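The values are calculated or read from the model by the stated rules, or taken from the named source; none is laboratory data. Everything quoted here is computed from the prediction, not taken from an experiment. The accessibility values were calculated without ligands, DNA or RNA, using every heavy atom of the protein model including side chains. Shrake-Rupley method; radii C 1.70, N 1.55, O 1.52, S 1.80 Å.
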Amino acid sequence: MNKLFEIIWKNITKQDKKKFIFIIFLTIISSFLEVFSIGMVIPFITVLVDPDKLMGFEITRQVISFFKISQSQELITPVAVLFVVITIISAIVRVLTIKVSAEFSFLIGNKLSIRAYELTMRRPFLSHKHMNSSEDISKLASKIDTVIKSLIFPGIMFMSALLMFIFIAVIFLFVNFLLTVS
C-alpha cells in the first residue's frame, strides 16, 4: 500500500501537492473549530441552567464589562448566538474540507487514468495486436476507479479524521489532563 501511495505521490504535480497541503491546512482549521464548538457546549448549557455560575470566571467578567451587561440573564442571548455561529462555521468548514478532499481525490484519479491510458496507447504495436485494447482500457479504468473510491478518498478522509482526533486530544490534554486521560 505504501508503494501505491509512493507511485501516486510521484505522479502528481507540484500544484497537486500544494492542494494536498491545503487540505491538511483546512483539516487543522476544521479541527480547531470543532474543539471550539465542543468547548462552547459547557458555557452554553451553564448559561441556560445557571447563568450566575458563569459570573465567577474572569473571562466572563471581561465579556460582561466589554458588552456592558448588567445581569447574568443577559448572557443567555450572546452565548447562545456565539454557540450557534461557531457550530455553523465549524460545520461549513468541515463540509468544505470533505468537498475539497473529494475533488482532490477524483482529480488525482483522473490524472492517473489519463496517464494509464497514455501508457496503454504507447505500447508497441505487436502488444496491441495480441490484446483487446478496449478491454484493457476498460479494466484499467475500473481498477483506477476502485483505487480512488477504496483507497485515495478514504485515505484522505482517514488522515483528516486522525489529524482532527490528535488535535482535539492534544487540546483536551492541555485543558484537563486527568479528565481527558480517564
Distance histogram in 10 Å bins (all Cα pairs of the stretch 5-152, percent per bin): 10, 25, 19, 14, 12, 10, 6, 4, 1
Could you tell me which of the pairs Lys18/Lys139; Lys17/Lys111; Lys19/Lys139; Lys17/Lys139 are separated by over 24 angstrom between their Cα atoms in the structure shown? Lys18/Lys139; Lys19/Lys139; Lys17/Lys139
When ligands, DNA and RNA are left out and all protein chains stay put, how many square angstrom of accessible area per residue does the chain have with a 1.4 Å probe? 68
Note to self: C-alpha centroids of the stretch 138-182 and the stretch 22-44 sit apart, in Å, by 15
Kindly express, to the nearest 10 degrees and within the range 0 to 90, the angle between helix 14-39's C-alpha long axis and the longest C-alpha principal axis of the chain. 30
HN-Hα J in Hz across the stretch 143-151 - Karplus 6.51, -1.76, 1.60, θ = phi - 60°, x for Gly and Pro: 5, 5, 4, 5, 4, 5, 6, 10, 10
Pairing the Cα long axis of helix 58-67 with the longest principal axis of the chain, what angle in degrees results, from 0 to 90 and rounded to the nearest 10? 80
GNM top mover of Ser31, Ser65, Ser150 - the chain, alpha-carbon springs below 10 Å: Ser65
Karplus couplings for the stretch 107-114 from phi (6.51 cos²θ - 1.76 cosθ + 1.60, θ = phi - 60°), rounded to Hz, Gly and Pro as x? 5, 5, x, 4, 5, 5, 4, 4
Counting only protein heavy atoms with a 1.4 Å probe and every protein chain in place, the carbon and sulfur fraction of the accessible surface of the chain in whole percent equals 72
Calculate for the chain the 222 nm mean residue ellipticity that helices alone would give, adding -39,500 (n - 2.57) per DSSP H run of length 4 or more and normalising by residue count, nearest 500 deg cm²/dmol. -27500 deg cm²/dmol
